[in-house]
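The values are calculated or read from the model by the stated rules, or taken from the named source; none is laboratory data. A quick note: this is a predicted structure, and the numbers were derived from the prediction, not measured. Ideal geometry is used to build each Cβ from the backbone, glycine not excepted, and the neighbour counts take in all protein chains shown. With ligands, DNA and RNA removed, areas are computed over all heavy atoms of the protein, side chains included. Shrake-Rupley method; radii C 1.70, N 1.55, O 1.52, S 1.80 Å.
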There are 4 protein chains.
Amino acid sequence: MLNFGVIGFGYWGPNIVRNLISVKDAEIKMICDVNPDIITRIKDLYPHHSVTSDYLDIINSPDIDVVAIVTPVSTHYALAKAALQAGKHIFIEKPFTSNSKEAQELIDIAKKNKVLIMVDHTFIFTGAVRKIKELIDSNELGDLYYYDSTRVSLGLFQQDTNVIWDLAPHDLAIIDYIIKNKPQALIAQGVDHIGSGHENIAYITLYYDNSLIVHINVNWLSPVKIRTTLIGGQKKMLVWDDLKADEKIKIYDRGVNVESKEAINKLLVDYRSGDMWSPRVDYQEALKTELQYFIDCIKTKTTPINDGQSGLRVVKMLEMANESLKNEGRLIKFKDNESSMSSSHDSSVLSLT
Amino acid sequence: MLNFGVIGFGYWGPNIVRNLISVKDAEIKMICDVNPDIITRIKDLYPHHSVTSDYLDIINSPDIDVVAIVTPVSTHYALAKAALQAGKHIFIEKPFTSNSKEAQELIDIAKKNKVLIMVDHTFIFTGAVRKIKELIDSNELGDLYYYDSTRVSLGLFQQDTNVIWDLAPHDLAIIDYIIKNKPQALIAQGVDHIGSGHENIAYITLYYDNSLIVHINVNWLSPVKIRTTLIGGQKKMLVWDDLKADEKIKIYDRGVNVESKEAINKLLVDYRSGDMWSPRVDYQEALKTELQYFIDCIKTKTTPINDGQSGLRVVKMLEMANESLKNEGRLIKFKDNESSMSSSHDSSVLSLT
Amino acid sequence: MLNFGVIGFGYWGPNIVRNLISVKDAEIKMICDVNPDIITRIKDLYPHHSVTSDYLDIINSPDIDVVAIVTPVSTHYALAKAALQAGKHIFIEKPFTSNSKEAQELIDIAKKNKVLIMVDHTFIFTGAVRKIKELIDSNELGDLYYYDSTRVSLGLFQQDTNVIWDLAPHDLAIIDYIIKNKPQALIAQGVDHIGSGHENIAYITLYYDNSLIVHINVNWLSPVKIRTTLIGGQKKMLVWDDLKADEKIKIYDRGVNVESKEAINKLLVDYRSGDMWSPRVDYQEALKTELQYFIDCIKTKTTPINDGQSGLRVVKMLEMANESLKNEGRLIKFKDNESSMSSSHDSSVLSLT
Amino acid sequence: MLNFGVIGFGYWGPNIVRNLISVKDAEIKMICDVNPDIITRIKDLYPHHSVTSDYLDIINSPDIDVVAIVTPVSTHYALAKAALQAGKHIFIEKPFTSNSKEAQELIDIAKKNKVLIMVDHTFIFTGAVRKIKELIDSNELGDLYYYDSTRVSLGLFQQDTNVIWDLAPHDLAIIDYIIKNKPQALIAQGVDHIGSGHENIAYITLYYDNSLIVHINVNWLSPVKIRTTLIGGQKKMLVWDDLKADEKIKIYDRGVNVESKEAINKLLVDYRSGDMWSPRVDYQEALKTELQYFIDCIKTKTTPINDGQSGLRVVKMLEMANESLKNEGRLIKFKDNESSMSSSHDSSVLSLT
């Protein structure tokens, strides 16, 4: 049985608590929030849980094994550092930290204290993304050509960050999970329409060595909500519409067969347009799967796929996106020696499916 | 009555001929194509029209007032030059020419010979685009924030050009028509997956002085066909789905009201989410409207909105897109003295609606 | 403050409890269920509520003012009778009872004991249905021509009832609410495919005096879920798609204008096809609105619109549907003297909007 | 080479002519219409075809082998009779005739004169319907449970017929083609809203011996166009949306497995909800396929699947629908001795695929 302390009960915290109650081998020992109204609400909802306004009560509690940090990103570093130094495992919201230096430091502390870090990349635990991963790993799609995501809606403007740091981490965590290669370079463009100093519309493009291209369209000012991703492979292509209640993923037996350079010049490109197939995907709540997986990782001392390194890789990309934004969309190259950018895909992921 | 000669009867030519037959005050005198099979087909379809394999028969015919040039872009300059020098008006396919130098030269020749050029920017004659223009001009949407177009499908790979020159002219002609300001700079990114030397996936971003941003997503390798454009304004926003048989345009009374800089910092952004409204749009075939308009322009000696200047502005943007592509998506600035970039919006457009 | 006792915590009961907690001036005194596992779950979820397996504990409790009966229809009569005779108001699941005789008897007991009955016709408290009611009452649609509902999905087969008693009460309660006239006759058809003795596919048609026709398509064996209703009026028509997250209601300025009998014979029917408009609808949870409304009715001694009479009218229609089913879809006429069939529309409904 | 005469060039006639030009071994000898304006249009479109206003010119022409009758149903009998008696094969619009007596008489005349009748049941030659037929014949769907069609739009009111005779023939011809059993009984209900004497909204239900049920919803007053059919089988179910440009047919691996009567009583019904699959369907124009097939039938002296018998079966159902409409939706039983109702499915259909 693992004992949890939860810091932060704002927008996402309640989901963490609700799911921790439903997973096996976990118990919530304490919930913390600084807002008095929220503390009252916690007490109403969970009268038999102890509540505090001082996160140190959680950090210093000898009974607590794991700390869930569900607070704004600006507070992640300090809270995580304290928890890790106190020898506690942490489950922390995305993005992992405000910059890669902090992320690296937390990784080092965790290593020194032999505790685990899991960054809450919830999407990689959805049935849809796991099915996509499966299709790519089994080479069903063939070599990947592109990943094109549109993630727009009339979104809540953030006070201290731009639309990239708010919405893009979803896609960045997903590509870090499903694409084995590492990106070579990145371009980000965007605009701030309301003078908040933070872009509310932005576009990110990632280049890979094998002409794979990733494009992410994020927008806080769209009249309609769109969550559609096109993934093109040499053999097959798919469309993932996350807003569909059913048939979230459609796989198309479509593409072009290119015989030879001559063929191309002679425009002898042969088109395939066959059946479409929509596999059934698992609809269990991703957050529950993720928390259960973290508990298993701790018990079996396995590094989670969404560990600090994965969190760092995402933060690194966000950092570079901001750098490109500040330089009129200049191309930013990933340094080759950045081992941190090589995504680790240990087999523990298999324990999921 | 204006007499037409049509050069080129490949993919688009038959539509030009079919519509010329149905418009008022126009008559087709001769149709030209170099392909013998096509010549046979023309004779079957239009036994009472004279056909030729030599375009000079059209250029040199004293009876012909207007030449419709419906051939690959690489041939546009030579054919257009010959026709204009022969004192004939031209209706020419988009993109106008292979480069802006050619476009400028044709414009000068036309001016010298007092004949008109119409570049076939068909989309600006559709009920949908004209309705959008109407909404923008009447300030229904308020100041424009963004124009975001996705124009993807499993497209025919072109031998001599990339996906931008194939698909983007539609959007570039539309923004040239509906947006009064002129773009300040442009970035284009793309990838060639089949080694044809031409990008089959590309993204263009255009920056304007007032933080208006235009983004165009073109792709020849999409499993599904998408023709969706989001247009966001300070007052209202709209979604244009050109594949819908009905309800092509939906206008949303949605957005954010920003009181002040303080408001933003305090996250006091006020959201509006009201009704949606889908106006009825005119469904007449755009090409017919366009050809009738050109005939009227010739008779009334009016410069068409889609004249050589408009064609040049589009070619210029395509040129800069290629330049950016060749330089890893470097930002290309429009030179301020380029008067050619200031889109002309003479009132003749009103004669349309 | 009104004290509630809730009987039944199966599929719907938990929603009643959750919403009672969130409404004003209500308190849950006791929850009852006969299933031991469910009792355990109630205790986990609501440790500070008293729980019982004997409904008499609720009936006999002097503290309890209102009893919510959330059990299978076969048990409604006995439980409701006991509660009403004990002088308690009741909130009871739809369908009200297994037959109209029981319904009438409960209405009489309630009247004698001066307590209120509210039948849980949740749908009439949704933003969508209230908007439709508004449009009809304001004559926006003109005289009603038809109401055509498709309510199909891969549904849970019921042991003791057919698909009509399971799904049609939603539509019957809605038309009882939005249509002022009373139906004149009814036909029901259906088939039982799995030999359960209960139809799993059925169609109901209701005839009204002014050529208004209502058709309801219910199906437990559809591969896809559909919740679409077309409502046609002489002036306008609407489509209500309850599965849409947004734009649930679309109003079309379409129809035919018929000048005269001659016009028809000469086929001079004039078609209108104008704009479409999708009004914003209130998205508050209907059940919460309904429970709050019942509490207000009790406090102000107002008869709810969804009272016993409305429940009886729905049960009557279900009864007649079964009669028609048993007689090869024979037309069943409503007896004119059935005052019970004239739907009451007291102004208390206005207190909703 | 077969020589055709075409009588009627109104709404559908031009499609017949256009497709006859493109099929093999057919030649149009003469086109007839009584309307002078239409005759002018024919001459413009087909200057090298002879045209007449007197159908007898076609009937009496010794050169003509086949007569296509594309006129209002009220004229079918007289024109068809004249053509058949003149020893010509006929291709005739649906519905075949105004009543079954006429249909039977035409069948007898054709038999006597050894000529063929093909009734234009175009839909059974579409890729979609042929794919559905294939799935049913290969028992992919298992025993059929239901066929539920919604065929509504803002339709042209007909002067001399109701919405059933206008729209239902499509579905009746389809079920006659895909369902081997014969219907046992029928119910039709409908309403006339504009006082034309003809129903503009109607519902037909057909009962089969094995609890298969067919339901058809036709409506001339719908604000939106819907062409959706649900087909449920014991093993699989499908949705056919004929308005989709792509993915017209979706097959769902869904249903219920019923072990035993006990299982049902114990509600132990086991649900399947697996993958969805959308097969590619042939998009060739159905009318062209149909005409080519008729030409082949004539040359090979094969009875077409859509022969006079099939036309008669559809007319019979339409007749009974009207009878039921006139009797308040009374159930009309098919007489068992009506051999005409047993649909013939000779293998010639295979020559299609």
Original post:
If we scan the stretch C:215-236, do we find a residue that is open to solvent by less than 10 Å² (accessible area, probe 1.4 Å), of a type in the set (D, E, K, R) and either more than 28 Å from D:Tyr252 (Cβ to Cβ) or not in a strand (DSSP E or B) (or both)?
Top reply: no
**OP:** Under 7 Å between Cβ atoms, at least 6 apart or on separate chains: pull out the pairs that start in the stretch B:11-22 with a residue that is touching a residue at least 24 places away in the same chain (Cβ under 8 Å) and end on any residue that is among the acidic types (Asp, Glu).
**Re:** B:Trp12/B:Glu93; B:Asn19/B:Glu285
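Matching residues to (1) aliphatic (A, V, I, L, M); (2) over 14 Å from the mean Cα position of the chain (by Cα):
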site: D:Asp160; (1), (2): no, yes
site: D:Val163; (1), (2): yes, yes
site: D:Leu172; (1), (2): yes, no
site: D:Asp176; (1), (2): no, no
site: D:Ile179; (1), (2): yes, no
site: D:Val191; (1), (2): yes, yes
site: D:His198; (1), (2): no, yes
**OP:** Looking only at the stretch C:307-323, decide whether some residue is assigned to a loop (DSSP other than H, G, I, E, B) and either over 30 Å from C:Asn99 (Cα atoms) or at pLDDT 85 or above (or both).
**Re:** yes
Original post:
Taking the stated definitions as given, is C:Gln284 open to solvent by 30 Å² or more (accessible area, probe 1.4 Å), in a loop (DSSP other than H, G, I, E, B) and more than 14 Å from chain B (Cβ to nearest Cβ)?
Top reply: yes
Subject >> Residues within the stretch C:152-182 that are open to solvent by less than 10 Å² (accessible area, probe 1.4 Å) and within 25 Å of C:Pro304 (Cβ to Cβ), tallied >> reply: 10
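On the basis of being within 14 Å of the chain's Cα centre (by Cα) and away from chain B (no Cβ under 14 Å), does C:Lys301 make the cut?
Values: within 14 Å of the chain's Cα centre (by Cα): no; away from chain B (no Cβ under 14 Å): yes.
When the stated conditions are applied, C:Lys301 does not pass them.
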**OP:** Considering every residue within the stretch A:117-131, establish whether at least one is crowded, with 24+ Cβ neighbours inside 10 Å, more than 14 Å from every other protein chain (Cβ to nearest Cβ) and acidic (Asp, Glu).
**Re:** yes
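D:Ala83 - would you say it is open to solvent by less than 30 Å² (accessible area, probe 1.4 Å), free of Cβ contacts under 8 Å to residues at least 60 places away in the same chain and assigned to a helix (DSSP H, G or I)? Spell out how you get there, then give the answer.
Numbers: open to solvent by less than 30 Å² (accessible area, probe 1.4 Å): yes; free of Cβ contacts under 8 Å to residues at least 60 places away in the same chain: yes; assigned to a helix (DSSP H, G or I): yes.
So D:Ala83 fits the description; yes.
Return a yes/no flag: does the stretch B:39-54 have any residue that is in contact with a Cys (Cβ under 6 Å, 6 or more places away or on another chain) and surrounded by 16 or more Cβ atoms within 10 Å (Cβ to Cβ). Quick ask: steps written out before the conclusion?
Let us first name the residues in the stretch B:39-54 that are in contact with a Cys (Cβ under 6 Å, 6 or more places away or on another chain), namely B:52.
Subsequent filtering for residues that are surrounded by 16 or more Cβ atoms within 10 Å (Cβ to Cβ) retains B:52.
Checked the stretch B:39-54: at least one residue is in contact with a Cys (Cβ under 6 Å, 6 or more places away or on another chain) and surrounded by 16 or more Cβ atoms within 10 Å (Cβ to Cβ).
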**OP:** Report, by residue number, each residue of the stretch B:113-154 that is over 18 Å from the mean Cα position of the chain (by Cα) and part of a loop (DSSP other than H, G, I, E, B).
**Re:** B:Asn113, B:Lys114, B:Val115, B:Ser138, B:Asn139, B:Glu140, B:Leu141, B:Gly142, B:Asp143
**OP:** Please specify each residue of the stretch C:39-72 satisfying the condition of being modelled with pLDDT of 95 or more and among the aliphatic types (A, V, I, L, M).
**Re:** C:Ile39, C:Val51, C:Leu56, C:Ile58, C:Ile59, C:Ile64, C:Val66, C:Val67, C:Ala68, C:Ile69, C:Val70
Subject >> Cβ-Cβ under 7 Å pairs, at least 6 apart or on other chains, the stretch C:203-216 side at pLDDT 95 or above, far side in a loop (DSSP other than H, G, I, E, B) >> reply: C:Tyr208/C:Asn181; C:Leu212/C:Asn181
Original post:
Does the stretch B:208-224 hold any residues that are within 28 Å of A:Tyr146 (Cβ to Cβ), over 19 Å from the mean Cα position of the chain (by Cα) and more than 7 Å from every other protein chain (Cβ to nearest Cβ), and which are they?
Top reply: B:Tyr208, B:Leu212
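Being within 30 Å of D:Asp108 (Cα to Cα), open to solvent by 10 Å² or more (accessible area, probe 1.4 Å) and either facing another protein chain (nearest Cβ under 8 Å) or modelled with pLDDT of 95 or more (or both), is that true of even one residue in the stretch D:238-256?
Step one: of the stretch D:238-256, the residues within 30 Å of D:Asp108 (Cα to Cα) are none.
There is no residue in the stretch D:238-256 that is within 30 Å of D:Asp108 (Cα to Cα), open to solvent by 10 Å² or more (accessible area, probe 1.4 Å) and either facing another protein chain (nearest Cβ under 8 Å) or modelled with pLDDT of 95 or more (or both).
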**OP:** Would you please name the residue that is farthest from the chain's Cα centre (by Cα), looking only at residues in the stretch A:93-112 that are crowded, with 16+ Cβ neighbours inside 10 Å and within 9 Å of A:Gly308 (Cβ to Cβ)?
**Re:** A:Ala110
Original post:
When residues of the stretch D:260-281 are filtered for being under 25 Å from C:Val224 (Cβ atoms), part of a loop (DSSP other than H, G, I, E, B) and either more than 34 Å from the chain's Cα centre (by Cα) or modelled with pLDDT under 95 (or both), how many remain?
Top reply: 5
**OP:** Within the stretch A:169-199, track down each residue that is modelled with pLDDT of 95 or more and within 9 Å of chain B (Cβ to nearest Cβ).
**Re:** A:Ala185, A:Ile187, A:Gln189, A:Gly190, A:Val191
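Residue by residue through the stretch A:68-79, note down the ones that are farther than 30 Å from C:Arg18 by Cβ and open to solvent by less than 40 Å² (accessible area, probe 1.4 Å). Walk me through it before giving the result.
Taking the stretch A:68-79 and keeping what is farther than 30 Å from C:Arg18 by Cβ, we get A:73-79.
Across the stretch A:68-79, the qualifying residues are A:Val73, A:His76, A:Leu79.
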